Amino acid sequence: MNNLSTRVKSRRTEASLGAEREHFDKQQLSSISKAINSTETPVKEKHARRIILGTHREKGAFTFWSYALGFPLASSSILSWKFCHVLHKVLRDGHRNVLQDCMRHYSSIVELGQLWGNLHDRYGQLVAIYSKLLCTKMQFHAKHSDIPANLEATDEVLERTAGTDINNVFQLTVEVFDYMDVELKLAETVLRQLNSSIAISTLTSGQCRLSPLIQVIQDCSQLYHFMVKLLFKLHACLPADTLQGHRDRFRDQFQSLKTFFNRAREMYYFKRLIQIPRLPDSPPNFLHAASLAKHVKPVVVIGDEDDGDDDEDDAEPLIDISDSSSLQTQATTPQPDIFDQAFGPPNGGFDDRDLQIESLKRDLELLRAELERVKAEAQRYITQLKSQINSLEAELEEQRAQKQRALVENEQLRMALEAACRRNAEHDSLQSTFIEAEQRAQATEQRYNKLKEKHTELVASHAELLRKSADTVKMLSATQQTQEEVERTKQQLSFEVDRIRQEADMKLEEQKFEMEKLRRELAEKLAEISRINASLQSSEQSSVQMNSSMTALQAEKERLMRSVSEKEAELSSVRQSAQLQQSTVQQERDKNSKELSELQAKLKEKARQEELLKQKLLDEQFALLQGTVAEAENIIQDAVAKLDDPLHIQCTSSPDYLISRAEATLGSIDKVKKGHADYVNNMNDAGGLLRSLTQFSHSAADTIINGSATAHMAPTDHADRLTENCRGCATECLQYLKELKSKGTLQRADPASIQVIIHKILRLGQELRPKSLDVRQEELGDLVDKEMAATSAAIEEAVRRIAEMMNQARKDTSGIKLEVNERILNSCTDLMEAIRMLVIASTDLQKEIVDSGRGAASIKEFYARNSRWTEGLISAAKAVGWGATEMVDSADKVVLHTGKYEELIVCSHEIAASTAQLVAASKVKADRHSKRLTTLQQASRLVNEKAAGVVASTRTGQDNMEEKDTMDFSGMSLIKLKKEEMESQVKVLELESQLENERLRLGELRKQHYTLAGVPLDQISEGNGEATSLVSMSPKFTKPALMKKPALAQKPNVLLKSPFK
């Protein structure tokens, strides 16, 4: 009985669940049908609410989409418009799984928008824009799942979504901008259509268009808050110039949004449904971080929509009381038996269930009234809490702004501390960098030796392949000769067979003619015999008379018979001889045919062997081609690997050498084209293609490597383009070689794309060539000697003039002045002597470089081939000569008291830098173990010491010659001291401003100098504006006192208050 009752209860539960599901589906279908129709009226809130409650009940939008897909959306634009409105509500207020269900029908929404966008219909245009808005909304929330579809996310959620990466914050800001653009476009289109039509907000046609704008207002208020937060965060991390476009875009959207809110606030339709927030008169100032505290988050308050009661709709209670009432009914009411269920209660009595239904209806009405009261009170509490939340959020934003300012100040202090630490560790890092550079140079040299050994092995393997190719060609020629002999033998045999056959036919014809002749004679004899017999028969009557004649005739007959037998014997012998001759001819013919068949078999075997040899030759040729292509691919891939090799970063190359390599590559490409064409026409010989491919692979690899090395010294733009073209060249070369490896693509392989990229590299190399001195390359060698001689002459002239100034100073001055002048002129003389020794050492080292590097070429050809290095030598020599002349002039002015000591100090620094440039230019191509290089380095150190001596003697003389006034302020009053102090501070600030302007002018002058000298600007260091190449190769000088910024003047004996405790 227990099992029976359990089964009955389970069946009743299943039946009740099925009925409940059926009732739910029926109610959802009714609400969807009444909400989405072709009537030009707004969607009623209660129908949309039931659809939204349905999504929460089934935790998704499956039922909604199953019914919505059955609507003929393509037939009515109003139907599509209301469908988009309901879908917008479902996305905002429905269950969180609704977004996933809607993404499955994303393509249907896109197609709907495209359909109505192509038609000229007023609602159709709105549907197209609304579809785009829905697609943008779904994409945004699918990508950022932490932000709900109703956009009601806290600032912490927004911060977590943006993350700490500034690139992600930038991308999220752009997406929010796009989101806002689509929302505003829909609102502007709806309001524009209302302005151009008679409809107003009080008519159903106008309300049908305006009703979706409630959701648009809710979205826009939240998006506006997101944009303000994100833009303040971007301005805290990025410079203002970078975000100028963002600020302009926000300003446009702010004006559009403010206009939209003001117009919507004036419409009667929105006054009773929504409370639209007011935006500030001007957009926030993102350049001022404190403006974030003034920002107030706009809050939209939704009122209760007054929907009229629909008699056809059954009210759905928000609180499900059916289960409890049914349980109470089951507990208090006895279960009727089967007879009562079938025929009703006995005696026609009144059923108690009617009373229960009436009581439940009354309870339901009471609960509804109570529920409405609770909802009204809850709405009032919600409004109060939202206002409190806004005030608390404003206070929170102010605290965040203060925190942000504190973080910025802390970050500034931390950066200052780090800068001090970096300056302290700079010396150690320079020493470690030098050691690492030495190690990298050794590793590079070892790698170069390995590559050289690999290249030797490749050359040996290529020679072995060429020898194999020659042997194969010889074998093919021998086979061709054998074939020609077989052909000649075959022709001779066929000629002999034809001749024998002709002779046999002629003999047979002669024998046949003899036999015919004998037959005719035999016939004549037989005819004659018959005539004789006839005559004998006719003459039997006269036999007597004819006996004698009979005897004679008998004798004649015997004679004739003997003759006939002889003829028959002769005929039989002739026949036998003819048969023998015929059998002999047949045997000869059989023998000849057998020999012919054997020769044909041998000929076929020879032809088959020849085909095999040809195929083997083709396979070997193609195998050689594949091997060569594989080696070429390895060479190209090795060159590409060097582009990413950290050791290759230290390698540099000149644009002239890159141009020569690119031109050689273009020449090898032409040879590859010719070799490829010859190989396609005759695949028996691949020698030309193999040789051209070998040359092409090495030339292309050199072009790629030297292009990357040239990019290391090129400006950023040129370096990026040159590196990209080198990688593109490698890709195209590998693609071309890949086509050569396959027989299917061998015919259509074309290196035209490689030629295009090589031409680009060639043009970049020509653009990177330094600005020449308007001297032809054949004159560079003579110009080097002339400049070095001119430099030596300038130094000699400087020494002579210093000696003259020394003698004149001894005559004209005495005492401290004479001592100062002698000390300065002696230090200048020592410096000139050190420079002269440096020039001599540099000249000797240059001769050694030219003798070791020119080979069989002349000196002028060596200088012309290394034009970049030669021009560096010329520029350095000119700078040394000019510096010596200027230094003598400055010393003369100092001795005569018409110049400044600072001019002499600057000239000494300049001439030391010029000599360092000369040393660096001479050191570039020198052998590191050269004794003359050691001598040059020692001379360079001596020049640095003497230059330091000039600076020291000049400063000592300046201290001795300048008279320092004693500062006596004892007679001044407090006001006078304050006034003098202010004037002194004004003068200090003016001098600092002048000093800063002169520093900027000096930087611009140095930039222009490096531009004219052909040094890329990206090699100029930010600190002193000097080229990194020169700084790395020249001795490091301390910054002159003139370039050091003095400390800020402070008030005497007054402690400044620190802003940070």
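The values are calculated or read from the model by the stated rules, or taken from the named source; none is laboratory data. These numbers come from a predicted model, not from an experiment. Glycine gets a Cβ as well: all are built from the backbone with ideal geometry, and neighbour counts include every protein chain shown. Areas reflect the complete protein model, heavy atoms only, side chains present, ligands, DNA and RNA absent. Shrake-Rupley method; radii C 1.70, N 1.55, O 1.52, S 1.80 Å.
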Can you give the accessible area per residue of the range 44-176, in Å², using a 1.4 Å probe?
44 Å²
Determine the sum of side-chain charges near LEU203: Lys and Arg each +1, Asp and Glu each -1, restricted to other residues whose C-beta is under 12 angstrom from that of LEU203.
0
In the neighborhood of ARG531, defined by Cβ-to-Cβ distances under 13 Å, what is the net charge if each Lys or Arg adds +1 and each Asp or Glu adds -1?
-1
Mean Cβ-within-10 Å packing, highest first, puts peptides 571-580, 417-426, 84-93, 116-125 in the order 84-93, 116-125, 571-580, 417-426
Under a crude label model (7 Å from the Cα following the beta-carbon direction), how far is GLN537 from ASP155 in nanometres?
16.1 nm
Taking 51 Å as R0, compute the FRET efficiency from the Cβ-Cβ separation of LYS452 and ALA789 and round it to 0.05.
0.80
Calculate the FRET efficiency for LYS294 and MET415 from the Cβ-Cβ distance with a Förster distance of 30 Å, rounded to the nearest 0.05.
0.60
Neighbourhood net charge (11 Å Cβ-Cβ; Lys/Arg +1, Asp/Glu -1) for ARG801:
-4
Which lysines does LYS517 reach when only Cα atoms under 22 Å apart count, and residues fewer than 8 places away in its own chain are ignored?
LYS507, LYS525, LYS557, LYS567
Give me the extension gain from GLN985 to GLU556: residue separation times 0.36 nm, minus the current Cα-Cα distance, reported in nm with one decimal.
136.4 nm
Cα-Cα longer than 21 Å, checked against LYS46/LYS89; LYS512/LYS594; LYS143/LYS294, kept in input order, equals LYS512/LYS594; LYS143/LYS294
Between GLN379 and ARG763, what is the spin-label point distance in nm, taking each point 7 Å from the Cα along the Cα→C-beta axis?
7.1 nm
Using label points projected 7 Å from each Cα along Cα→Cβ, tell me how many nm separate ALA952 and GLN139, to one decimal.
7.3 nm
Label-reachable residues, the range 584-612, where backbone N falls under 16 Å from a point 7 Å from ARG499's Cα toward its Cβ:
589, 592
If packing is taken as the average count of other Cβ atoms within 10 Å, what order do 653-662, 54-63 fall into, highest mean first?
653-662, 54-63
Past 19 Å, Cα to Cα, is the threshold; run LYS616/LYS743; LYS34/LYS82; LYS490/LYS606; LYS811/LYS946; LYS233/LYS297; LYS474/LYS614 against it and keep the listed order.
LYS811/LYS946
Cβ charges +1 (Lys, Arg) and -1 (Asp, Glu), total dipole of the range 688-771, debye:
240 debye
Taking the Cα centre of the range 383-453 as the origin and placing charges on Cβ (Lys, Arg +1; Asp, Glu -1), which of ALA420, GLN439, ASN449 is farthest toward the positive end of the dipole?
ASN449
For LYS468, the aspartates and glutamates lying under 16 Å Cα to Cα, once residues fewer than eight places off in the same chain are dropped, come out as ASP619, GLU620, ASP685
Between the range 20-85 and the range 885-946, what's the alpha-carbon centroid distance in Å?
90 Å
What does a probe at GLN491 reach in the range 577-618, counting residues whose amide N is under 17 Å from the point 7 Å along Cα→Cβ?
600, 603
